[in-house]
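The values are calculated or read from the model by the stated rules, or taken from the named source; none is laboratory data. Because the structure is a prediction, the values reported are computed rather than measured. Every residue, glycine among them, receives a Cβ derived from its backbone with ideal geometry; neighbour counts consider all protein chains shown.
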Amino acid sequence: MEAMEDKDPSPDPGPAPPTAGNICVGSPSNGGRMGPGETHWVVRRSVVREGDRRGEKPRFGATGKVAVSGVDCARGDGCDVSEEELTGDFFYSKYLNRLHSGEVQVGNADTEVDKALELCVRAMRPGEKCVAVLGARVDLWRNGRRKTGEEDGSEAKREARVEVECELTLESVLNAQPIHKWYPETKFDKAQEANAAAVRLFKLGRTVDAFHKFHLTLTLLTFVVDEAEAAKKKADRREREEGGKPDSGDPAAAGGSNVSDDLAKQASDLSLTCLSNLAACHFQWGNHAFVAKLASRVLERQPANVKLLYRRGVARLEMWDFEASRADLVEAHRLDPSNKAINDKMGVLRIQEKKHKELLAGGMKKMFA
């Protein structure tokens, strides 16, 4: 399902876990401290009780039981939310919420606070207890939560700083294999789960949280698509070398891929939907260059995608690329002549072009006056 609106993937789907002991992880440019506008995490961890050294640290995809206690927000000193907000509002955290069962799946975090908690959990061993200080910046503006100022009429806050101290105990863990060992079906299933969560967040107006989920979805799908494409190239090369067509029923002859043609097509289709949804997020934020770039990638495969033609046309209009914008909007209008948003934007394009020509004419007159 594609997130709706009218108004490049990394090979690693999760952050690297910190080492044991007292640690600080955050933006590389700031030495672990959160800078203005950044959504990186800060984690400081002090071990209270060592865990089982024979046990493995949780990897991406692992599930476990984490006991959380002693939640304390240092409000007024690095924290803009109260303990009541943090433990009672899923917008900030589900793992620290007082209604949460304690089940944690690494890679399943929706919020910046929960990503910081997962980062800490990935450094722990079964049975370990630690005191953790988790810090994050939450983008209120682009997540649909405008936190108004006091009654003095101060401007609404665009972000909230969260710094919370708590005790974490990793009571149990069912670890996952390293992601490169997952079956293609497992990667695709995880990608579908992440995509469903992203669509849910997008519909709630939490576009930043949705964006990161769409990015995770695309990363997982890239593993599947790349494996299928590599196997196809290998099979084609073998066919050229041997002068005959390999038997499609023989996986080895087909390039050694475990990805079926049907799964490869599903992964490719969902990848295009993800790119479209990433463009939708940038569209809402007014990042016109990114909208045009992402929309173009989808339109290479889906040239009749009206929604992407419209988004790219609007983005190009905002960048004053009137000729390219007209081409997109005209094609979108041809495919969907009754679409009011497209028709309205074509009217805006004509007005903007006229103003631009008048501005240029006026400038030329002044230049040669």
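Those residues that are at pLDDT below 90 and aliphatic (A, V, I, L, M), I need them from region 60-102; list them, please.
Answer for region 60-102, where residues must be at pLDDT below 90 and aliphatic (A, V, I, L, M): 74, 81.
Taking the residues in region 169-193 that are closer than 27 Å to residue 136 by Cα and charged (D, E, K, R) as candidates, determine which candidate is surrounded by the most Cβ atoms within 10 Å (Cβ to Cβ).
Across region 169-193, the extreme among qualifying residues is 190.
Does region 8-16 include one or more residues that are under 25 Å from residue 212 (Cα atoms), surrounded by fewer than 12 Cβ atoms within 10 Å (Cβ to Cβ), among the charged types (D, E, K, R) and at pLDDT below 70?
yes
Among the residues of region 254-312, which ones are under 19 Å from the mean Cα position of the chain (by Cα) and of a type in the set (Phe, Trp, Tyr)?
Matches in region 254-312: 283, 285, 290.
Can we say residue 196 is surrounded by fewer than 23 Cβ atoms within 10 Å (Cβ to Cβ), at pLDDT 95 or above and assigned to a helix (DSSP H, G or I)?
Answer is yes for this residue.
Kindly indicate the residue of region 209-259 that is of a type in the set (Ser, Thr, Tyr) and more than 27 Å from residue 276 (Cα to Cα) and also modelled with the highest pLDDT among those meeting that condition.
Step one: of region 209-259, the residues of a type in the set (Ser, Thr, Tyr) are 217, 219, 222, 248, 257.
Imposing the further condition that a residue be more than 27 Å from residue 276 (Cα to Cα) reduces the set to 248, 257.
Values: 248: 51, 257: 64.
Among those that are of a type in the set (Ser, Thr, Tyr) and more than 27 Å from residue 276 (Cα to Cα), it is 257.
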